[in-house]
Amino acid sequence: MTIPGNREVAASQPPPPGRRCPWLVYYHGKGYKKQSFCYDITGPSPVKTHIKSIPVLRDKKVLSCAHGRLVLYDYNAKSLSLCNSTTFDNTLILPDLHHLWNHKIDSCVLLLLPPGGNLTLLIFLEELPSIMLCGVGETKWSEISYGKYLEPFFVEELHTIARENGSPLFFRRAVGFGGKVYAQLGADWLDGFCYSMMSIEIVEEGAAEFGLVLRTVNGPADMRSGCFTPYINVYMLESCGELFLIHFSSGALVFEVYRMNFDTMAWERMKSIKDATFFIGENYCFSCPTSGSGDRIYFTRRKDHRLYCYNMEDGSVVMSSPRPAIPTPWPSPPIWMMPQLTLSIKQESEHINHDCNINNQRRRSIVISKMELSEKTDGCIQLCDLPYDLLEHFSKHLIAIDYMNFRATSKISQSVCPPINWRIALSGVEKNDCFTSPLLMFPDRHESVYKFLDPSVNCNGNNYYFMRMPDSFGSHIIRYCNEGWVLLSKSGSGVNLYNPFKRDIITYNYSHTRIEDCLFFVGKPPGSMHPICIDFCDGIHVFVSINFEPGEDWSRDELTSEKNFDAAMQTSPVLFNDAFYYLDKMGRLGYLEIDLQLVNIRWEVLEKPQRPADLKFFSHNFLVECGGELISVFLGRAGKWVYVYKLNNNHQAWEKVSNLGGYDLYLNPTSSSAMPSSSGGNRIYFPLLRGTNIVYFSMETGKWHFSGSQQDSSSHLYGTRWYPNSCWIKPCW
């Protein structure tokens, strides 16, 4: 007899399958026996949550999700099992694997062996050059030692180093595709995470005997091998019958996506993944078409319960917290589970009808809005109805792009506004007064343009300026900005200084830049500009490379410090009292002095100031010079707090401040600046947008506000978009 409302029975039942997207699952509660299933992650409906306690998932780690199965690992029993990924039944306990007592599992793959044959589980263990495999229904594991298969691919010196370090080369982050396995080859003693990539084909060599056919898979042509570093996470996944490679810089929050062209056996860089959506997890990845917006990459991060979404179009990152109000503790990060989306005809019909109804409602709302707009404008004065002399008067107060947009509104505007060569017109001393604040600049790769937003334009709408991106900058990353010039680089390629307003480009031949390096430049036109690359290496050793003339080799100096300096990725220095200052991830201050004439460089990690005692854990920090003071700003997780300090030079200590003295701050990892404000100051701008509105923090209210909205405010940054590949730039012609 079924008792309605029996909570224990209901909690053990599987949740409803997520509509065209995976579940995001949080383990929580005592012993992690409960799970919160969040679905409809990709929208357009609000995220829904079901709290369950599925018996088969209790005290288990999900290692993989494929072919409608979950691979589960029991920490206590050191055992593996399979279950249905939707109903969580049909549990199959796999044979004991004694290797699990001595080695951690790196990755596992579910594969049909031979192709179209029996479903087989392949286990890849850390620091063990062997593949363990067991078919569904089999009673024992088979082992393939692949050390001998690797010998022909690498020089003997590499194998000797592996033996001396006591850690062999082994496969990591394996993924199945087309009946083969693709994996990265790494070792703990390697400076980088991944030495190379290989394809693995498992072949039968007799009764219950298996062998391997290995082939090297070259990395992307525009990425050198040094890009496989601990700062770059490399993933592979299958999507719509194709193999993709993903480079993720966790510090810079930048993704690069490549597709394998099997005709040429080469990776091709992708600007878009179109209607597909990628889901990146700690142990595995997968892809699926979604009912919401495609061209997105959803990912989680270690020691973090939040969900992040990367937009391939403009490189922005949206942070959200679908986690329900559940009791602690919970392990982090949450995991992805993909239920089988085999819907009944009735269910699919309901989904299609639902989508059609939504689209019809949108069409009706657009038509109604247009009709209402037409009714409102009847009897109103249009722009073209104004006197010509008044239009001409308006035009005299417009600058550059605003002037050109005004001319483009009508033939009447063109007649009263003569064409102006703005490069010449703004070449005088007034060029720095064109804009009252710097513009937020970031690329839109789909449109191959740079977008610019003016935070001083307090409007609720599309207030973008556009400039065509040079063809060679399609995959470049903004590293630094000053005096209207932007420093851009591409891993394994050159370094470029670019003035988007003059369209001037200066190229420096330097192919050793990595995304974790810190780049900036000194000097300003009409004099020479010298790009500088800082490699903080292991925190003790610092390498400084300087270019004195385009086309010449870069100098390289090694500096050391007795104190560790844990620099954030893509951090930028601040010039203060004739020296450059850096702020590391722990709040320590670094001092860099460069004399270009004497080629004298000095680096020191300062004993003081100490990190502020009241400072909580923060997600970002920034340094900026403001009114002759050195200012540090710390941003809390999800923007729930912002602390501002100034350096007391007498006591060499940070002092908290609540007023910026009429200045606004424009902060970005690529460079930060302070500007006198015409609206009273005390605003702090970050590379953040909500829709098309600039997001800023008000020190007066202690809340986040949005341009175009006088009333709206927020105490957190959920739902806003962070632009990691951006800068604040002051137009300079």
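Remarks
- The count of lysine pairs in the stretch 444-729 with alpha-carbon distances below 13 Å, taking only pairs 8 or more places apart or on different chains, stands at 5.
- Distance from the stretch 562-621 to the stretch 528-542 (C-alpha centre basis), Å: 12
- Peptides 659-665, 301-307 ranked from most to least packed by the mean count of surrounding Cβ atoms within 10 Å: 659-665, 301-307.
- As a rough guide to protection, the peptides 112-121, 308-317 ranked by mean Cβ packing within 10 Å, highest first, stand as 308-317, 112-121.
- Calculated from the alpha-carbon coordinates, the stretch 444-729 shows an Rg and a Dmax of 19.0, 56 Å respectively.
- Cα-based reach from LYS78 at 30 Å (exclusive), listing lysines while leaving out same-chain residues under 8 positions away: LYS30, LYS33, LYS34, LYS52, LYS60, LYS61, LYS104, LYS140, LYS148, LYS180, LYS303
- Taking other Cβ atoms within 10 Å as a rough exposure proxy, ILE123, ILE532, ILE161 sort from fewest to most as ILE161, ILE532, ILE123.
- Whichever lysines have a C-alpha closer than 20 Å to that of LYS411, once near sequence neighbours (fewer than 8 apart) are set aside: LYS396
- Dipole moment magnitude, nearest 20 debye, the stretch 1-154 about Cα centre, only Lys, Arg, Asp, Glu C-beta charged: 700
- Simple rule: put +1 on each Lys or Arg Cβ and -1 on each Asp or Glu Cβ in the stretch 444-729, find the dipole, and look at CYS518, ASN659, VAL574; the Cα lying farthest toward the positive end is ASN659.
Every read-out reported here was derived from the displayed coordinates using simple, explicitly stated rules and does not represent laboratory data. If you're wondering where the values come from, they're calculated on a predicted model, not measured in any experiment. We place every Cβ from the backbone using ideal geometry, glycine too, and count neighbours over all the protein chains shown.
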